[in-house]
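Laboratory data are not the source of any read-out in this text; all were calculated from the coordinates shown. Keep in mind the model is a prediction, meaning the values are calculated, not measured. FYI the Cβ positions are ideal-geometry reconstructions off the backbone, even for glycines, and counts take in every protein chain you see.
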Amino acid sequence: MSRFTARFHSRTLRTALHALRRNIMRSALTTLGIIIGVSAVIAMMEIGNGSARAIERTIANMGADNIVVRPGAAASGGVTFGGGSANTLTPEDAEAIVRECPAVRIAAPVVRARAQIVYGNRNWVPLYIYGIAPAYLDAQNWQPLAEGEPFTEQDVRNASKVCLLGQTLVRELFDGISPIGQEVRVRNVSFKVVGVLRGKGANMMGLDQDDIFLAPWTSVQRRISGTSLTDTNQSARSNQSSQTNTPDSVYPGQVNFYPIPSPTQLANNPTLVRFVSVHQITVAAQSPQQVPRAMEQITLLLRERHRIRPGELDDFNLRDMTEMTRTMASTSNMMTRLLLFVAMISLVVGGVGIMNIMLVSVTERTREIGLRMAVGARGRDILRQFLVESIVLCMLGGALGIAIGRSSSLLLRSLLDWPTELSIGAIVAAVGVSVSVGVVFGYYPAWKASRLDPIEALRYE
Amino acid sequence: MMIRLENITKTYRLGEVDLAVLKGITLSVKQGELVALMGTSGSGKTTLMNILGCLDRPTDGRYWLDGQEISRLSADERALLRNRKIGFVFQNFNLLPRTSALDNVLMPLLYDPVGVSNHEGRERAAALLELVGLAERMDHEPAQLSGGQQQRVAIARSLINRPLILFADEPTGNLDSRTSEEILGMFQRLNQQEGITIILVTHDAAVAEHAQRAIHIRDGLIADGTFTARGDEPAAGSPATAVSGREGSS
């Protein structure tokens, strides 16, 4: 029986194609609406996708995929010292995050300091003195540099006295001469400038991002901040008198990450030994969309690493760039939706055109319908035939529309340099929509045809 | 007996008024007969033909076609019956425009996929076009054919499913007299050589003369069913005496 149905369907299709060919000009004009609609959908989707991707890239450049991990608040006798005052984050946390959280691309420890930078007879106190790992440059999109090369992991391990300078700092300290290879002094420690950062301008809060001094975090911690352990809590330190640099901190022989505990300490508190702590860990997720997943993974991991029992509060805080990501998502989504909506309207208009012509065609072919019924066509055969006709019309229109849409978006890309992106989804949707348009708008005329009375239809003039 | 009608009535409802078009038709047609169905316009002969051709259902009465009682069949069942057993030839040919003669002849096969394969169908259609003398014009479209040729294509189309019975509704109404003769001659040949039962619906006595007998309809009733002498040829192998003068004697 299946052989017969196949034969039947092939004959139905042939009949439909033949009927459409019989009036080729009209068929072409009828399907023009669908062609325009589908090509508009495809072109709009590709342009929309391309722009969305471009916007995404731009915003990602601003660090939309970043998450900042900061320690929780330290408290002493009911007085809290604010977020970030506890010493709970370690560089090992950063390594563990990047190793064990699949949604994370980069995790870099950051140590902050505030100090005067001196070059020759000029000096400046930059907004940011960050001790970082090289990965931080990628997370914050500082790569590539304007000049020079970034320092390496090797420099971090050795606590090398090298640094990168932001544009503002360069402007303030170096009057037109290239800073590469020069030495600047920070708290009497000389740092060799190995690179200059690109200009970024102000961030979203209006702070100058170029007023920055970057050095290996080990160097900042050991050589600028002075010690490795206690100085992180600024409030706790505030009553101390101004610090002095001991020769040991200026010229340390060996960087010692681990404070050597006394045997008593080891015996009493083996787990409370704090390694070197950092002020924050800057994390970059695999993509801005992955940020929420990355945050979950980091929370789980850090709770485990910091041995926090269920029910206890986290001893760290996570911040993402919610504002940025939300802006990004709403911008691109709204644009794509708007374009799609406009394109859909043209598809519906095309569908109405199809219905219109099919109605005319049914009226015009009343006698043919009567004849077909006389030779044995049932109502549903007629219905199917007209439905197949309009679906074929729409599908041909859809195929042509896809071709035209694709080529016009490619043309826009090559001529106007608009960012466009192939959208398989749009193509699938366009095919689906054009078939549905064929069914929906072809159904009424086909139904009307199938309801004709063969006697009346045969006599129709 | 190919056709047997028993007290067929057809009443149309026009608003509040019932309009009786057929008021009790009883008749029978034997296999292999060539019968003319005659009547003036408004006599009900078209309505009768529609019922005979299974296009319409009688309001009351019984109708046997090829031994099958069909007066109560549904529209779909009648469609199948029309496809398998009945051929139609119309006054205005009703060919599909911009479609080759061959495709026109093949058209009814679409609605009977179980019947013949594509290849067999084409061969059969070609043979039929040859039979009606259009072997050289299979690829011509209706617009390229004369009226007589178009009617011959229509006849070939009506025969594609090897029907038992052929209904011709004023088949020569749009043709000149010489072509009419050709077409009617073709009906006679089909009747005699292929043994197809043919019913010619006409108001023209000259056309009716080609039939073996004529059934006259007047005001929804049968006036009489007389023999008509065959005009040109003797009725070879189909004895006119086989049919009784009055109907319903089967």
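Side notes on the structure shown:
- Here the simple spin-label model places points 7 Å from the Cα toward Cβ, and for A:PHE4 and A:MET334 these points are separated by 6.1 nm.
- For B:ILE183, A:ILE354, the sequence from fewest to most other C-beta atoms within 10 Å is B:ILE183, A:ILE354.
- Spin-label model distance (nm) - A:ASP453 vs A:GLU149, 7 Å beyond Cα toward Cβ: 9.4 nm
- Projected label points at A:GLU364 and A:ASP314, each 7 Å from Cα along the beta carbon direction, are separated by 6.9 nanometres.
- Extended-chain gain in nm, criterion 0.36 nm per residue less alpha-carbon gap, A:ARG185 and A:GLN116: 24.0 nm
- Partners of A:LYS161 within straight-line reach, counting lysines whose Cα lies under 25 Å from its Cα and excluding those fewer than 8 residues away in the same chain: A:LYS192, A:LYS200.
- Of the peptides A:387-395, B:75-83, the order by per-residue mean of other Cβ atoms within 10 Å, starting with the highest, comes out as A:387-395, B:75-83.
- Mean Kyte hydropathy of -1.0 or more with a Cα span along the axis of at least 15 Å, helices from DSSP in chain A: A:2-22, A:24-61, A:291-305, A:322-364, A:379-415, A:424-450
- Efficiency of FRET from Cβ geometry, A:LEU29 and B:ARG72, R₀ 41 Å, rounded to 0.05: 0.30
- Of the residues B:THR9, A:THR5, the one with the fewest other Cβ atoms within 10 Å heads the list, and the complete ranking is A:THR5, B:THR9.
- For the pair A:GLU461 and A:ILE424, a Förster radius of 56 Å applied to the C-beta separation gives a FRET efficiency near 0.65, rounded to the nearest 0.05.
- Relative contact order %, chain B, counting alpha carbon pairs below 8 Å whose residues are six or more apart: 28 percent
- Placing unit charges on the Cβ atoms of the charged side chains and taking the dipole of the protein assembly as shown about its Cα centre, the candidate lying farthest along the positive direction among A:TYR119, A:GLY78, B:ILE165 is A:GLY78.
- Start at zero, step by 5 Å, and the Cα-Cα distances of the stretch A:79-195 spread as 2, 9, 18, 22, 19, 13, 9, 5, 2, 0 percent across the bins.
- Nearest-ten-degree value, helix B:177-189 long axis tilted from longest Cα axis of chain B: 80 degrees
- Neighbour-count ranking [beta-carbon atoms within 10 angstrom, fewest first] of A:VAL41, B:VAL17, A:VAL184, A:VAL342: B:VAL17, A:VAL342, A:VAL184, A:VAL41
- Extension gain, B:LEU14 back to B:SER117 (0.36 nm per residue minus Cα-Cα distance, nm): 32.5 nm
- Listed by chain and number, the lysines whose alpha-carbon sits under 27 Å from that of B:LYS10, ignoring those within fewer than 8 places in the same chain, are A:LYS448, B:LYS23, B:LYS30, B:LYS45, B:LYS85.
- Fraction of antiparallel bridges per DSSP, chain B only, in percent to nearest 5: 55 percent
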